[in-house]
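Notes follow once the structure below has been shown.
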Amino acid sequence: MANECPICKGNNQCGNLQGLPAGECWCSKEVFPQKVFEQIPSELMGKACVCQACLERLKRDSKEESGER
């Protein structure tokens, strides 16, 4: 389903699916590290948006792995 996060299966709150104008979704202002895409099963790549909780968790994990604060 398009509104299901491909990582956690929770609701991704996709603004495009909610009818928001292009560029108004929460994700349009975010940076997605490569680690996010590595967590998405290949069969779901490009079919649904990652949720904000998974994005934040993976960004935090990426910073910890690289030693950033």
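Read-outs: derived from the displayed coordinates by stated rules, not from any lab. The shown structure was predicted, so the numbers you read here are calculated from the model rather than taken from an experiment. Virtual Cβ from ideal backbone geometry, glycine too; neighbours counted across all protein chains shown.
Taking the longest Cα principal axis of the chain as reference, the axis of helix 52-66 is set at about 20 degrees.
A simple charge model with +1 on the Cβ of Lys and Arg, -1 on the Cβ of Asp and Glu and nothing else charged puts the dipole of the chain at about 100 debye relative to its Cα centre. Remark: C-alpha extents of the chain on the principal axes read 39, 26, 16 Å, sorted largest to smallest. Within the straight-line cut-off of under 17 Å between alpha carbons, the aspartates and glutamates reachable from LYS47 are GLU4, GLU38, sequence neighbours fewer than 8 places apart in one chain being disregarded.
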